[in-house]
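This report concerns only the one structure given below.
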Amino acid sequence: MINAAETTPDDSLQPAAVMPIPGPSDPMVLPRKAGTRADGKRVLIGLSKAELRSALADIGIPAKQINMRASQLWHWLYNRGVTEIQAMANISKDMRTILDQHFVVGRPEVVTAQVSNDGTRKWLLRFDDGEEAECVFIPDAWRGTLCVSSQVGCTLNCRFCHTGTMKLVRNLTAAEIVGQVMLARDALGEWPNGAASLPALPDTDDDDDDRPYIPGAHNPGNNYTPEGRMLTNIVMMGMGEPLYNFDNVRNALQIVMDGDGLGLSKRRITLSTSGVVPMMARAGHEIGVNLAVSLHAVTKEIRDEIVPINKKFGIDELLQACADYPGANNARRITFEYVMLDGKNDSDEDARELVRLIRRYRLPAKVNLIPFNPWPGSAYLCSPPERIRAFSDIIFNAGISAPVRTPRGRDIMAACGQLKSASEKISRAELDRRAAEKELGWV
Ligand code: SAH
Ligand code: SF4
């Protein structure tokens, strides 16, 4: 039996991973034990194959069965999308009972699900400890992009970003990051209802599709076509700075990219960083996905003000790290994100300086111009459309692609930089008070 006390705390959840950044507030990262719940059961989603094998060994599964059991579980978890161990039909009933005593499949709880008038969907998710984060799905004609969060809140305080105003910050575990992808597939009805490699199951449901009903799995009926997969791309652009939660983001994306797992190509995954320079090379080597960099300004003065991590890692250091990013080439360009703030960073001169910098560092680059998305209390205005167009033209005329990103999901506060969960309502003082009460045994 695994209980909470026996599991090792996840070091990457500790504040040590985060460097203090000067800013208007001083958020903290809460430590949290990964993968266990109040009932002591271990969450299966998010365990690597090696962790899964050792979790099975821990509960006394005989050594000669471990590889087989691990493959069975992996298949049910990531190919079939079951949400209950009892739904794993080709595992014996006795074995399912044993597994049930020690494990749960694991999904975040959906607190609210909203759909924008442009089809964008946003889920507010609650994790086992009650913390919350948001996750957004953006459907397009040719692809469907899931915007995944890496932290509850963010320790950085980019002035134009709603998430950056949250006081409470905790790293998400690998389970919670993979869980967002699983949940989106659940909600979009994307799990196959039968795989060729498995024995055929009878079609016991009433959806008339000749596909078996799998208890505990989501049964999408006629909506599912393996070719027409809706969730095709993932961007680590939700709440949080992914490179301040490196290990969990890497472990989660490795499961997402695993050919026997969720099987998404690394070319369809993009990680966005505000510029955590010391982690960029590792991200390239150990994760290898596309890189997006939140540049947003071309002078020290303005970038220091709006992206405060710039005081720690300046523009030159950042662009050099981009030039050194493993795998970047003309076929796989680095995306520079640039939020258009009226009168702040949107002059012709700024655009020309951006071109100069990209050339100077010989970067295989494209620029994504993001119209500023307002949120309650935000201090900026979006640049007017003609200013954005003029800015884009200067970059485009220099031979660099500079599309303007169409804002999506603004009506449900799901657009870039608008994400924020209720966790901010707990102040540091309140947390200290709760910790003191706990120590006194009041709760
Ligand atoms: N923390 C990471 C990834 C999450 S933010 C990062 O900063 O890169 C995803 C993108 O949205 C970033 O480029 C971010 O700067 C941008 N963004 C934040 N607030 C915004 C807002 N209010 N309007 C438009 N874009 C915003
Ligand atoms: Fe954090 Fe990114 Fe928002 Fe900056 S833009 S506060 S790094 S989530």
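Since every read-out is calculated from the coordinates, none of them should be taken as a lab result. All of these numbers come straight from a predicted model, not from anything done at the bench. Glycine also receives a Cβ, built like all others from the backbone with ideal geometry; neighbour counts cover every protein chain displayed.
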*Which distance in nm do the two modelled labels at ASP260 and LYS311 give, with both placed 7 Å along the Cα-to-Cβ direction?*
4.9
*Amide H partners (placed H, <5 Å) of ILE234, local residues excluded*: LEU146, ILE269, THR270
*Return an integer: the convex hull volume of the alpha-carbon atoms of the range 126-191, in Å³ per residue.*
104
*Contour minus end-to-end for ALA50 and SER347, with contour as 0.36 nm per residue of separation and end-to-end as the Cα-Cα distance?*
101.7 nm
*Taking the mean number of other Cβ atoms within 10 Å as a proxy for protection, how do you rank 132-142, 63-73 from highest to lowest?*
132-142, 63-73
*Rounded to whole Hz, the Karplus (6.51, -1.76, 1.60) HN-Hα couplings of the range 392-406, x for glycine and proline*: 4, 4, 4, 5, 5, 5, 8, x, 10, 5, 9, x, 9, 6, 6
*Using a 10 Å cut-off on Cβ atoms, rank the peptides 263-275, 356-368 from the highest mean neighbour count down.*
263-275, 356-368
*Hey, could you get me the Stokes-Einstein D for the range 50-189, Kirkwood radius over alpha-carbon pairs, 25 °C and 0.890 mPa s, rounded to whole µm² s⁻¹?*
143
*Output ³J(HN,Hα) for the range 154-165: one whole-Hz value per residue in order, computed from phi by the Karplus curve 6.51 cos²θ - 1.76 cosθ + 1.60 with θ = phi - 60°, and x for Gly and Pro.*
7, 6, 8, 10, 4, 5, 9, 10, 5, 4, x, 8
*asked:* At q = 0.16, 0.18, 0.19 Å⁻¹, what log₁₀ I(q)/I(0) does the range 34-128 have when each alpha carbon counts as one equal point scatterer in the Debye sum?
replied: -0.70, -0.84, -0.91
*Starting from the Cα of ALA398, step 7 Å toward the Cβ, then list every residue of the range 343-358 with an amide N under 12 Å from that point.*
348-358
